[in-house]
Amino acid sequence: MVGLKEELLKSIWHAFTALDLDRSGKVLSHNLCTVLNVPHDPVALEEHFRDDDEGPVSNQGYMPYLNKFILERVQGNFDKVEFNRMCWTLCAKKNLSKSPLLISDEDAFKVWVIFNFLSEDKYPLIIVPEEIEYLLKKLTEAMGAGWQQEQFDHYKIALNTSREGLSAWELIDLIGSGQFSKGMDRQTVSMAINEVFNELILDVLKQGYMLKKGHKRKNWTERWFVLKPSIISYYVSEDLKDKKGDIILDGNCCVEALPDKDGKKCLFLIKCLDKSFEISASDKKKKQEWIQAIQTTVNLLRAGSPPPHKEARQKRKELRQKLLAEQEELERQMKELQTANENKQKELETVRKQLEAAAARAAEEEKKRLQTQVELQDRFSLELEREKMVRQKMEEQVAQKSSELEQYLQRVRELEEMYKQLQEALEDEKQARQDEETVRKLQARLLEEESAKRAELEKWHLQQQQTIQMTEAEKQELENQRMIKEQALQVAMQQLEQLELERKEALEQYEEVKKKLEMAANNTKSWKDKVAHHEGLIRLIEPGSKNPHLITNWGPAAFTEAELEQRQKSWKGKKATSE
């Protein structure tokens with residue numbers, strides 16, 4: 001009943017969509033009840049449409065009523081052709097093409113019924129290209145023409161690019177256009193449509209004229225036989241108007257060939273439980289075809305299988321569903337693979353970015369390390385240059401002091417020729433003071449250098465500790481620099497030790513000069529009385545005046561400015577007296 005309900009729904013769907021059911025639903029329901037032999041329930045119909053005829057799109061739509069009060073009550077005792085013709089009448093006028101067709105309205109109706117049989121079980125109804133090919137092949141075979149596969153392939157490609165299939169009215173236009181029946185007249189096409197209609201819709205497995213032997217009179221009469229899945233009907237003629245009887249088939253029936261007798265040839269016998277029927281075909285080929293067709297029908301009844309064309313349609317649908325499922329599964333797998341591939345691409349892109357970032361960080365760190373190394377080298381070179389300049393300045397100062405000392409000694413020798421011994425003592429005293437001052441400055445310089453060297457050593461030591469705390473990779477790269485700095489540190493330590501020795505020697509020289517100064521002071525005291533009467537080019541070494549001393553090119557002067565003026569007046573007076 002489920003299959004019958006689906007078949008009925010397809011035809012009703014066309015009428016359902018063609019009519020304004022808000023106003024015509026009652027008329028359609030009455031017609032359906034009439035053709036389907038279902039008792040009409042006007043009370044239920046009026047109750048269903050009581051709220052101002054809301055129509056099929058509302059909660060009280062037409063389809064709930066159709067299922068509950070009509071389709072569920074269908075028993076199968078109705079004329080399918082009459083039912084389809086009623087639905088066709090309701091929808092054909094609105095949907096049938098106005099352009100002239102090569103087929104009649106009756107043929108168009110049969111194509112429409114075939115469409116409902118072959119269409120997919122989803123709405124809106126369409127017929128897929130595979131079923132279109134099946135129908136066109138059946139029509140071409142019925143017309144006795146050759147099938148043009150290449151022509152249909154081109155049509156199928158053009159169809160698949162635009163839509164999934166054809167509607168009933170597009171299928172009628174396709175067959176009525178004669179695109180796949182070129183060279184055939186209207187009658188041939190009509191006969192082919194009728195033959196396919198009989199097979200697919202009316203379940204006619206085979207039909208034709210044969211002779212049948214009567215049961216009472218035993219005479220032979222020509223009848224038009226129609227084989228269906230469970231019955232063989234025979235009529236007076238092929239117009240099917242005057243039916244003479246039926247041969248009910250079941251799994252217990254059988255068919256067998258009979259030898260020629262009573263002047264009749266090509267005989268075969270159909271045995272049923274209650275009766276047997278002797279039939280004579282027109283020739284051996286027809287006899288064999290009928291025997292095979294009847295035997296196949298009986299075998300299908302025994303197996304409980306549907307008719308061949310319905311079974312073939314079901315297999316085609318199952319195959320399409322299987323292919324569709326495989327295609328969906330393939331698409332799903334492709335999507336999964338694509339998603340996995342995209343995820344892998346994203347992961348690879350993330351890894352690539354991480355590697356690029358790591359490389360950039362490494363490059364930046366390398367750049368910073370090289371920059372630090374260059375800065376350290378520049379700083380070390382600058383410190384070396386500074387040290388060289390300091391040493392050069394010290395040497396220049398020593399040379400300058402030596403030169404100044406020589407000039408000072410030369411001046412003393414020129415002024416104190418007559419007081420050679422006293423000059424020597426004064427020279428010793430001045431030399432001692434100069435040496436003391438030089439040693440003091442040298443000592444101060446040495447102390448400053450020692451302090452600077454110690455600060456530098458501490459700085460290098462701190463840098464060395466910082467360098468040791470660097471990463472293992474940088475430690476390996478800076479190992480050579482550390483060795484160089486250690487060598488420089490050793491050299492600086494040697495220089496510091498050398499400066500320490502020089503400082504000690506300066507202290508020793510300072511002690512010696514101090515002793516000489518004391519000796520010179522004693523000698524100066526012994527000479528004081530001897531030179532008291534002299535006009536005095538020199539004076540005893542005494543504590544200096546608090547007045548500012550004169551500064552000469554050779555250093556601080558031995559006399560103050562007032563003393564020089566007094567001595568100058570004394571020299572001028574003595575000079576004037578002598579003259």
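Give me the percent of accessible area attributable to carbon and sulfur for the chain, probe 1.4 angstrom.
Accessible surface attributable to carbon and sulfur in the chain totals 52 percent.
Can you work out the FRET efficiency for the pair LYS275 and PHE78, with r the C-beta to C-beta distance and R0 = 25 Å, to the nearest 0.05?
Numbers: r = 28 Å, r/R0 = 1.12.
Calculated transfer efficiency: 0.35.
Just the accessible area for ILE193, please: 1.4 Å probe, Å², rounded to the nearest 10?
0 Å²
Tell me, what ³J(HN,Hα) does each residue in region 400-416 have, in order and in whole Hz, if you take phi through Karplus 6.51 cos²θ - 1.76 cosθ + 1.60 with θ = phi - 60° and put x for Gly and Pro?
Once rounded to whole Hz, the list reads 5, 4, 5, 5, 4, 5, 4, 5, 5, 5, 4, 5, 5, 5, 5, 7, 10.
Compute the signed sum of charges (Lys and Arg +1, Asp and Glu -1) over the other residues within less than 15 Å, Cβ to Cβ, of LYS401. Display every interim value, and only then the final one.
On the way: positive: LYS393, LYS430, ARG433, ARG440, LYS441, ARG445; negative: GLU395, GLU396, GLU404, GLU406, ASP435, GLU436, GLU437.
Value of the local net charge: -1.
Please give the length that would be gained between ASP239 and TYR123 if that part of the chain were fully extended, namely 0.36 nm times their separation in residues minus their C-alpha to C-alpha distance (nm, one decimal). Don't skip to the answer; put the middle values down first.
Numbers: separation 116, 0.36 × 116 = 41.76 nm, distance 3.60 nm.
Taking ASP239 through TYR123 to full extension adds about 38.2 nm, to one decimal.
What is the dipole size for the chain, taken about its Cα centre, with +1 at each Lys and Arg Cβ and -1 at each Asp and Glu Cβ, in debye to the nearest 20? Working shown, then result.
Details: 93 positive and 103 negative charges, 698 e Å.
For the chain, the charge dipole is close to 3360 debye.
Please list, ordered by chain and number, the residues whose modelled amide H lies under 5 Å from the amide H of ILE231; skip anything fewer than 5 residues away on the same chain.
LEU249
Pop a pseudo-label 7 angstrom from the Cα along the beta-carbon direction at both MET519 and LYS441 and give the gap in nm to one decimal.
Each label point lies 7 Å from its Cα, and together they span 2.5 nm.
How far is it, in nm, from the label point at GLN407 to the one at ALA363 when both lie 7 Å from their Cα along the line to the Cβ?
Roughly 6.4 nm, to one decimal.
According to the Cα gyration tensor, what semi-axes, each the square root of 5 times an eigenvalue, does the equivalent ellipsoid of region 247-395 have, listed from largest to smallest in whole Å? Before the final figure, lay out the partial values.
Working: eigenvalues 2355, 35, 11 Å².
The equivalent ellipsoid of region 247-395 has semi-axes of 109, 13, 7 Å.
Express in nm, to one decimal, how much length is gained between GLU387 and GLU497 on full extension, taking 0.36 nm for each residue of separation and deducting their alpha carbon distance.
Going from the current span to full extension adds 38.0 nm.
Near PHE152, within a Cβ-to-Cβ distance under 12 Å, what is the net charge of the other residues, with Lys and Arg +1 and Asp and Glu -1? Numbers along the way, then the final one.
Working: positive: LYS137, LYS156; negative: GLU130, GLU133, GLU150, ASP153.
Computed value for this residue: -2.
Taking amide H atoms as placed 1.01 Å from N in the peptide plane, list the residues 5 or more away in sequence, or in a different chain, whose amide H sits under 5 Å from that of VAL204.
GLU199
Any idea what % of Cα-Cα pairs in the chain are farther than 47 Å?
Numbers: 96851 of 167331 pairs.
Roughly 58 percent, once rounded to a whole number.
In nm, to one decimal, how far is the VAL27 label point from the LYS459 one, both placed 7 Å along Cα→Cβ?
Label at VAL27, label at LYS459, 11.3 nm between them.
To the nearest 0.05, what FRET efficiency results for LEU202 and LYS335 with a Förster distance of 56 Å applied to their C-beta separation? Display every interim value, and only then the final one.
Working: r = 46 Å, r/R0 = 0.83.
Efficiency, rounded to the nearest 0.05: 0.75.
Helix 479-526 versus the longest principal axis of the chain: what is the Cα-based angle in degrees, 0 to 90, to the nearest 10?
Orientation of helix 479-526: about 20 degrees from the principal axis.
Quick check: residue separation of VAL374 and MET470 times 0.36 nm, minus the Cα distance between them. What number comes out in nm?
Values: separation 96, 0.36 × 96 = 34.56 nm, distance 1.66 nm.
The span from VAL374 to MET470 would gain 32.9 nm if fully extended.
Which whole-number value in Å² is the accessible area per residue of the chain, probe 1.4 Å? Before the final figure, lay out each step's value.
Numbers: 37020 Å² over 579 residues.
Roughly 64 Å² per residue, with all protein chains present.
Residues with amide H under 5 Å of LEU258's amide H, sequence separation 5 or more or different chain, H placed in the peptide plane at 1.01 Å from N; which?
Residues meeting the criterion, in which the H sits 1.01 Å from N, are LEU267, PHE268, LEU269.
Between LYS68 and ASP260, how high is the FRET efficiency from 1/(1 + (r/R0)^6) when r is the Cβ-Cβ distance and R₀ = 60 Å? Nearest 0.05.
On the way: r = 60 Å, r/R0 = 1.00.
Approximately 0.50, to the nearest 0.05.
Could you give me the ³J(HN,Hα) list for region 306-321, computed from phi with Karplus coefficients 6.51, -1.76, 1.60 and θ = phi - 60°, whole Hz, x at Gly and Pro?
Result, rounded to whole Hz: x, x, x, 5, 6, 5, 5, 4, 5, 5, 5, 5, 4, 5, 5, 5.
When Lys and Arg each count +1 and Asp and Glu each count -1, what net charge do the other residues less than 15 Å away from LYS80, Cβ to Cβ, add up to? Mind dumping the intermediate values first?
Details: positive: LYS5, LYS10, ARG85, LYS110, LYS228, LYS310; negative: GLU6, GLU7, ASP79, GLU82, GLU199, ASP203.
Net charge in that neighbourhood comes out at 0.
The values are calculated or read from the model by the stated rules, or taken from the named source; none is laboratory data. Everything numeric in this text was worked out from a predicted model, so none of it was measured. FYI the Cβ positions are ideal-geometry reconstructions off the backbone, even for glycines, and counts take in every protein chain you see. In case anyone asks, the SASA skips ligands and DNA or RNA and just uses the protein heavy atoms, side chains included. Shrake-Rupley method; radii C 1.70, N 1.55, O 1.52, S 1.80 Å.
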